[in-house]
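Enquirer: Structure below; questions to follow.
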Amino acid sequence: MARVSQEHLDARRRQILDGAAVCFARNGFHATSMQDVLKEVDLSAGAVYRYFSGKEELIGAIVTEVLDEVRETFEEGARQSPPPPPDVLVGWVMTKMLHKEPGLAQEGESILPRLIIQVWAETLRNDHLSTVINEGYAKVRGGWIKVVEAYQDAGMMRDDVSPDSVARTMIALAQGFMAQMALFGTVPVSVLQDGLRGLMSMEEPGPRP
């Protein structure tokens with residue numbers, strides 16, 4: 001029997017993850033059965049269960065992968081000297097995630113915003129997924145903290161502000177933008193960048209006459 005290459009195994013795993021993500025984004029976690037996933041990826045049960053034991057392992061793998069990539073991108077930004085300003089960095093990360101995989105798009109639009117909403121809803125009732133999300137969130141926050149500390153070291157940001165506070169705020173900004181896209185329709189990432197630039201341009205008002 002011919003030996004299956006690692007490249008083939010990785011491609012098959014990618015196919016299963018992308019297909020499951022499409023199902024979860026379209027119908028939600030509970031309304032999606034493993035049979036739905038099998039139909040979406042056009043594979044046998046044996047082929048899929050070779051990689052994943054069920055829906056919970058699938059959604060955990062999807063979430064972990066997305067959060068790890070977000071963290072790695074922020075840490076990459078932190079290693080630059082000086083790091084890109086927030087509007088550039090956030091735009092870069094959001095664009096990268098929205099175009100992450102061709103398989104995570106339908107009719108030319110990313111399914112990631114809808115998938116994120118479904119994951120958040122499931123997190124409220126699934127202790128295992130909640131643990132995965134909390135661990136991933138802590139890593140992403142750590143990546144942003146490194147960026148903020150690099151801003152402060154470069155004199156780009158006040159050093160009397162907690163890096164953790166800024167990190168949480170920037171994550172909330174990205175999460176809120178994703179939620180808007182899921183609920184109200186896709187808008188260009190440049191809208192988020194323009195808004196950030198506007199906020200960043202604010203100055204302390206001078207004394208009133």
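The values are calculated or read from the model by the stated rules, or taken from the named source; none is laboratory data. In this text the structure is predicted, and so the values were computed from the model without any measurement. Heads up, the Cβs are rebuilt from the backbone with ideal geometry, glycines too, and the neighbour counts pull from every protein chain shown. SASA here: full protein model, heavy atoms, side chains in, ligands and nucleic acids out. Shrake-Rupley method; radii C 1.70, N 1.55, O 1.52, S 1.80 Å.
Enquirer: Answer yes if at least one residue in segment 70-80 is touching a residue at least 12 places away in the same chain (Cβ under 8 Å), closer than 28 Å to residue 170 by Cβ, open to solvent by less than 50 Å² (accessible area, probe 1.4 Å) and over 15 Å from the mean Cα position of the chain (by Cα), and no otherwise.
Expert: Looking through segment 70-80, at least one residue is touching a residue at least 12 places away in the same chain (Cβ under 8 Å), closer than 28 Å to residue 170 by Cβ, open to solvent by less than 50 Å² (accessible area, probe 1.4 Å) and over 15 Å from the mean Cα position of the chain (by Cα).
Enquirer: Checking residue 101 against (1) open to solvent by 70 Å² or more (accessible area, probe 1.4 Å); (2) modelled with pLDDT under 90: exactly one of these is not met. Which one?
Expert: (1)
Enquirer: Return a yes/no flag: does segment 179-194 have any residue that is out of contact with any Cys (no Cβ under 8 Å at 6 or more places or on another chain), exposed (fewer than 11 other Cβ atoms within 10 Å of the Cβ), in a helix (DSSP H, G or I) and touching a residue at least 60 places away in the same chain (Cβ under 8 Å).
Expert: Yes, that holds for at least one residue.
Enquirer: So is residue 150 in a helix (DSSP H, G or I), hydrophobic (A, V, I, L, M, F, W, C) and surrounded by fewer than 19 Cβ atoms within 10 Å (Cβ to Cβ) or not?
Expert: For residue 150, the condition - in a helix (DSSP H, G or I), hydrophobic (A, V, I, L, M, F, W, C) and surrounded by fewer than 19 Cβ atoms within 10 Å (Cβ to Cβ) - is not met.
Enquirer: With open to solvent by less than 30 Å² (accessible area, probe 1.4 Å), in contact with a helix residue (DSSP H, G or I) (Cβ under 7 Å, 6 or more places away or on another chain), farther than 30 Å from residue 80 by Cα and touching a residue at least 60 places away in the same chain (Cβ under 8 Å) as the only criterion, which of 119, 132 stands out?
Expert: Just one listed residue meets the conditions, 119.
Enquirer: For segment 117-132, what are the residues that are assigned to a helix (DSSP H, G or I) and closer than 21 Å to residue 54 by Cβ? Show your work before the answer.
Expert: So the first thing to find is which residues in segment 117-132 are assigned to a helix (DSSP H, G or I), and the list is 117-123, 127-132.
Within segment 117-132, 118, 119, 120, 121, 122, 123, 127, 128, 129, 130, 131, 132 qualify.
Enquirer: Going through segment 54-69 one residue at a time, which ones are in a helix (DSSP H, G or I) and either of a type in the set (Gly, Ala, Ser) or without any contact (Cβ under 8 Å) to a residue 40 or more places away in the chain (or both)?
Expert: 55, 57, 60, 61, 69, listed by residue number.
Enquirer: Of all residues in segment 153-175, which are among the small types (Gly, Ala, Ser) and open to solvent by less than 30 Å² (accessible area, probe 1.4 Å)?
Expert: Scanning segment 153-175 gives 167, 174.
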